[in-house]
Amino acid sequence: MLVFLNETYTWAPLHLQVELLESKQVPIHSQILFINDVNGDGIQEVAVLNNKKIIEVYTISSLDSPILTYNISKYITKAHNLNAKIIDVQGTSMLVVVGASFVNETHEALQILCYSIQSSDSLLWHFKKAFQYSVSYTFADINNDSVEDVIAATSFSVFVIDLKARQLLWERNVDYDDISNIVLVGDVDGDKRIEVVRCSENLIYVLSSDDGRILSKLKFGTLDEKYDYFSATIYDINNDGAEDVIYAREGKGIYAISFSKNNIRGMSWGFLWSLSLSVAPMKVSVYRDTETYVYVRSCGKISVINAQSGELIWSKEIPLYYETVDDINGDDLLELVSGYNNTFYFIRLLDGTILHNFTIDLNYFLNLTSQNKEDLGEIHDMKETIHTYTTWTKPIVIDLNNDSKKEIIVGANMFAKNKQGLFLLIIGSNGELILKKMITEKPMQMRIYYCNTSSGNMKIIIFLEPLDTLLNKYSELRIYNLTITL
């Protein structure tokens, strides 16, 4: 266990320095869409979508003024589930913006905007398709033309938009099940061609990537069986060359489903295994080191299952929300790193062993006075007070000094009664704190990003959003330089 006492860590394996380079105020409710080398000049850019639905692209070396701007408010107003990425089309890059916009209380529209990156607001193509209820989508090269396409699923249909040809490739109607759904792509029958998998609360469809014809349909229940949570992913868990569907649903459990070609019916399916889970699955993922694991994060609990046998390996009642899985200490075994409340965990995926964990002492972090401490009561006993707690950003795992062991960059937002502190932390593979930097004492939320430029310069990008959006009208974008000192 580690308690943070001061600012000096002479025993740390790395000596790091973080220096603020640039900062810029942006309107509240803005978001970072991506960090990428937009124009291929070796300099990373950051794209920010502001609350006026204008995308501004800045170089990370200067936030003075954007080098490109795209006003998407002409097409997308009340947007959600919005993403943007740079896609290469025959040697020419274009900016693709995908998002759903509300039409009325029951209808939405999927909007796709393709822009040239050579100049601002240079719209190349606009696609719009209205539908009832919600939409999910993903990117994949569905037709083998070396350009990613958009695969989308609604409550009533599945369709593919060809970004290279700039047209609707195909659309297939499916039975209504619920307003929520998940769309996945993968080679589920082992024929070296990908299929489209559309999952909802009670139905799983497998569709051909050629024309959308339905290859298989699996029914889990009826429309009157309603559950709040379900999750799904695709992975070849039994190493037979075909990817399997791992599907988890509240009230039903988790299933590993194998699909194969069938000369009569087109495709057959079967359960590899199933396991009853009493919790609501928020996220299901598959990871592999010496074993293959199915990881399930649910409300208040994490579980790890042997992907081949379906047996529960371990579970812990730790309500994580942002976790990262990676080989942290270079032993070829995966670890899960995440923070909950005032504790940050290193958990080995193989057996659930907590390799490292440390608890933050808010007395020292926030420099509380003796009177503050008396007011707070027992600061270490979280069951006796709700005034002290810490929220964490999603950990970023990166090997900063190329020694095969990785460091963790994470943000900690610490509250103690009427005091708050947002800190940038860098943690070593052995669980020791390498760097702690106060970012702000203002009541704000923090998101952290990392990028490594072509010249080897390490940058940390921090986005700060005020908690009180009535009194505060601006968020803040900051660029920090991260250097290793001797």
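What Kirkwood hydrodynamic radius, in Å, does the range 8-95 give when the mean of 1/r is taken over all pairs of distinct Cα atoms and then inverted?
15.2 Å
Any idea what log10 I(q)/I(0) is at q = 0.11 Å⁻¹ for the range 134-209, Debye with uniform C-alpha scatterers and no solvent?
Once normalised to I(0) and log-transformed, intensities are -0.25.
How big is the gap, in Å, between the Cα center of the range 145-190 and the Cα center of the range 262-323?
24 Å
Could you rank K78, K436 by how accessible they are, 1.4 Å probe, largest area first?
If we order K78, K436 from most to least accessible, we get K78, K436.
Could you work out the mean projected area of the convex hull around the alpha carbons of the chain, in square nanometres to one decimal?
It is 24.8 nm².
Restricting attention to the alpha-carbon atoms of the range 118-166, what are Rg (one decimal) and Dmax (integer), both in Å?
Rg then Dmax for the range 118-166, in Å: 12.7, 38.
If you take the charge dipole of the chain about its Cα centre, with +1 on Lys and Arg Cβ and -1 on Asp and Glu Cβ, which of Y321, L68, V38 is farthest toward its positive end?
Ranked along the dipole, the leading option is L68.
With a 1.4 Å probe and every protein chain left in place, tell me how much accessible area R288 has, in Å² to the nearest 10.
Probe radius 1.4 Å; accessible area of R288 about 90 Å².
Hey, what do the phi angles of the range 84-91 turn into as Karplus ³J(HN,Hα) couplings, whole Hz, using 6.51/-1.76/1.60 and θ = phi - 60°, x for Gly and Pro?
Taking θ as phi minus 60°, the curve returns 9, 7, 8, 10, 8, 10, 6, x Hz for the range 84-91.
Quick one: putting +1 on the C-beta of Lys and Arg, -1 on the C-beta of Asp and Glu, what dipole do you get for the range 32-97 around its Cα centre, in Debye to the nearest 20?
500 debye
Carbon and sulfur: what percent of the range 250-354's accessible surface (1.4 Å probe)?
44 percent
Short version: ³J(HN,Hα) in whole Hz for each residue of the range 457-473, in order, from phi by Karplus 6.51 cos²θ - 1.76 cosθ + 1.60 (θ = phi - 60°), x for Gly and Pro, what are they?
Each residue of the range 457-473 in turn: 6, 9, 10, 10, 10, 10, 10, 10, 10, x, 6, 9, 8, 7, 8, 10, 9 Hz.
Dipole size in debye (nearest 20) for the chain around its Cα centre, Lys and Arg Cβ +1, Asp and Glu Cβ -1?
Taking the Cα centre of the chain as origin, the dipole is about 1080 debye.
Is there a pair in K74/K129; K164/K217; K53/K74; K283/K394; K437/K459 whose C-alpha atoms are over 18 Å apart, and which pairs would that be?
With Cα atoms farther than 18 Å apart: K164/K217.
The values are calculated or read from the model by the stated rules, or taken from the named source; none is laboratory data. No experiment lies behind these values; they were computed from the predicted model shown. As a convention, Cβ positions derive from the backbone with ideal geometry for all residues, glycine included, and neighbour counts pool all protein chains shown. Accessible surface areas use protein heavy atoms only, side chains included; no ligands, DNA or RNA. Shrake-Rupley method; radii C 1.70, N 1.55, O 1.52, S 1.80 Å.
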